[in-house]
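Heads up, the thing below is written out as structure tokens.
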Amino acid sequence: MISTVLRTRTRLEAFYSFGHYAKLSARCLSVTHGDIERLPAEAKKFIEESASLCKPENIHICDGSVKESKHMIGLLLKQGTLSPLTKYENCWLARTNPADVARVESKTFICTNNKEDTIPTPKTGIKGTLGNWISPNDMEAAVNERFPSCMQGRTMYVIPYSMGPIGSSLSKIGIQLTDSPYVVESMRIMTRMGEGVMKQLEKDNTFVQCLHSVGRPADGRIEMPSWPCDPERTIILHKPDQNMIVSYGSGYGGNSLLGKKCFALRIGSTIAKREGWLAEHMLILGITNPKGEKKYIAAAFPSACGKTNLAMMTPTLPGYKVECVGDDIAWMKFDSNGQLRAINPENGFFGVAPGTTIETNPIAMATIFRNTIFTNVGSVSDGGVYWEGMESSLVPAIKVTDWLGKPWTRVRNENPAAHPNSRFCTPAKQCPIIDPAWEDPEGVPISAILFGGRRPTGVPLVYEANSWTHGVFVGSSMRSEATAAAEHKGKVIMHDPFAMRPFFGYNFGHYLKHWLSMENRGTVPKIFHVNWFRKGNDGKFLWPGFGENSRVLDWIIRRIDNEDCAIDSPIGKLPKNEAFRLDGLHTQIKLNELFKVDRDFWLEEVAAIEKYFEEQVGGDLPNEIANELKLLKQRIDKM
Ligand code: OXD
Ligand code: MN
């Protein structure tokens, strides 16, 4: 009975309570800005249905213009969401409700008819950590418990946006509905909005439906009117077979800027699987060697492991140049010549602020002090911002206010002035080393893929995978210290395969099969694993990192050119000692410790990976990956 009803209903209707749903015609909607008639019929329907459910006061169709941005900023100032940062040009500070500061993985779900399409079946008695599944009925119930009338008294903004350069065959369109002007302003930075997208929609009316509300707590009490949210009932839902995202209760980052993690990674990875390409949590950089030869590299590191720093690196090796295509997400597809090409689907950087300094990332520092929204950083009495790492900018006359709005002094306070997951949201085009091809609709050719994480012990600075299949295994067995970008606490080493654990749109076992199959679609790039974070027995980092990582990239690009500068090891190919460039480096490097492959450590590592696969992936683990693990174990056993 239900299925007959579902078949005759449109997408969102299927989720909205049958009782609540009442069809509205476009004429009945109070559209106070923009021309709804320009939108394709499917989009109008989506808006009508959503408005009928959420009951906003009025509807504003965003045009992405400067005038509109000024209007939004005015509203946000009035609402107290933003305050001006007078030291800089067009920069603003948002302080969130302290209960809404990070992505909430435990409240993020993928909805499919069959659970197995979303997550592997964990071993009996073990809690799965590779995503959360929700049934269509439960999703419908979750929507109906939260969305009816949630936008009452607010405006519903309609944001047509493009992920990727408008019109590129690699790009995709989304339409986000939201009741948050902060989200509108942030999406204006992070995605392409405006006339170009409207024209594209006229040509091709396929789009990802994104419905977002900051919500309204069940008791109606909004704790912090400047940052309305409903942390108790926050939920982020994805329905891949309908290209649909529904997010409720949070205004923060990946929970609310739906183009980013929800679309470009979760829904993106399911589209990529269907269409034969890859949507990945990867930066993209271009590196030019002293001979003027340029290569592009994509790299997957978990959240807050330095993707932005690597993407904007200032090489210390003379004659090298790094240019940035993107710092977080890569969409990669083979072209008709079998060359893997990548675009950055984003239009801005939503970077972690603490730790970003003139020393660690001067390029980011040269990017972010114009046209930027800062969230949950500290503020300073001269109209500027402050976060951990900026200590040298503090002088006694300057007063710091922390992210909670309280006076803060370095000596008195143990708590950081900026929340560890505080962010800058800044236009990518402002980056002084943005790559000339960053908006090339064809994408840039990828020559290598890097995997990495924070591994204080045991994992060498760099090694090369022996083959594509071995490289996919390396990605599948990635581990890293937990970060502040999510709700985890403490410094535990967590499995984070492909840096995608919070972002898989479908069953990780199927994802591995898809990666393995890429070898049949074109010329696959070489795969490497890097670790800037290995520490010595004295607890100090063995490698200076940052610009010195150009030495690692130097070795990698020489390997791409098949230079004989590697030796086999049980875990993969390591640099030949004399081939790894240390010239001009002023600190003493303990190369042996940095590259050491310790038998006991790797036996433990293999055991941890084995346990993880067995407990979390079970029967969905492809044989090829199980075999790579077996081979690794054999090689280490023989050491
Ligand atoms: C991000 C994340 O915000 O990975 O990029 O959490
Ligand atoms: Mn990220």
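Quick rundown of the values:
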{"item": "Of all residues in region 65-90 being crowded, with 18+ Cβ neighbours inside 10 Å and in contact with a Pro (Cβ under 8 Å, 6 or more places away or on another chain), the one that is nearest to MET187 (Cα to Cα)", "result": "MET72"}
{"item": "So PRO345, is it within 16 Å of ligand 2 (Cβ to nearest atom) and modelled with pLDDT under 95", "result": "no"}
{"item": "Strands (runs of 3 or more DSSP E) wholly inside region 393-488 that include at least 1 residues being farther than 25 Å from LEU257 by Cβ", "result": "444-452, 462-464, 479-481"}
{"item": "Test: residue in region 266-278 that is more than 16 Å from ligand 2 (Cβ to nearest atom), buried (at least 20 other Cβ atoms within 10 Å of the Cβ), part of a strand (DSSP E or B) and over 16 Å from the mean Cα position of the chain (by Cα)", "result": "no"}
{"item": "Some residue of region 248-260 being away from ligand 1 (no atom under 15 Å from the Cβ) and surrounded by 24 or more Cβ atoms within 10 Å (Cβ to Cβ)", "result": "yes"}
{"item": "Residue list for region 394-440, filter: aromatic (Phe, Trp, Tyr), away from ligand 1 (no atom under 16 Å from the Cβ) and in contact (Cβ under 8 Å) with a residue 40 or more places away in the chain", "result": "TRP403, TRP438"}
{"item": "Residues of region 525-551 that turn out to be closer than 12 Å to ILE589 by Cβ and part of a helix (DSSP H, G or I), as a count", "result": "2"}
{"item": "Subset of region 280-315 (residues that are of a type in the set (Gly, Ala, Ser) and over 11 Å from the mean Cα position of the chain (by Cα))", "result": "GLY286, GLY292, ALA298, ALA299, GLY306, ALA311"}
{"item": "Failed condition for SER303, given (1) modelled with pLDDT under 95; (2) assigned to a strand (DSSP E or B)", "result": "(2)"}
{"item": "Within region 492-507, tally of residues that are more than 11 Å from ligand 1 (Cβ to nearest atom) and either part of a helix (DSSP H, G or I) or modelled with pLDDT under 70 (or both)", "result": "2"}
{"item": "Pairs, first farther than 19 Å from LYS611 by Cα in region 465-484, second assigned to a loop (DSSP other than H, G, I, E, B) and polar (S, T, N, Q), C-beta under 7 Å, six or more apart", "result": "THR483/SER303; ALA484/ASN421"}
{"item": "Pairs where the first residue, in region 296-308, is at positive phi and the second is of a type in the set (S, T, N, Q) and near ligand 2 (Cβ under 8 Å from one of its atoms), C-beta under 6 Å, 6+ apart", "result": "none"}
{"item": "Some residue of region 456-469 being closer than 24 Å to GLY254 by Cβ and more than 16 Å from ligand 2 (Cβ to nearest atom)", "result": "no"}
{"item": "Complete set of residues in region 281-308 that are polar (S, T, N, Q) and within 13 Å of ligand 2 (Cβ to nearest atom)", "result": "SER303, THR308"}
{"item": "Hits in region 324-350 (condition: among the polar types (S, T, N, Q), over 17 Å from ILE173 (Cα atoms) and not in a strand (DSSP E or B))", "result": "SER336, ASN337"}
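The values are calculated or read from the model by the stated rules, or taken from the named source; none is laboratory data. Keep in mind that what you see is a predicted model, and the values were worked out from it rather than measured. A quick note on method: Cβ atoms are made from the backbone with ideal geometry, for glycine too, and the neighbour counts reach across all protein chains shown.
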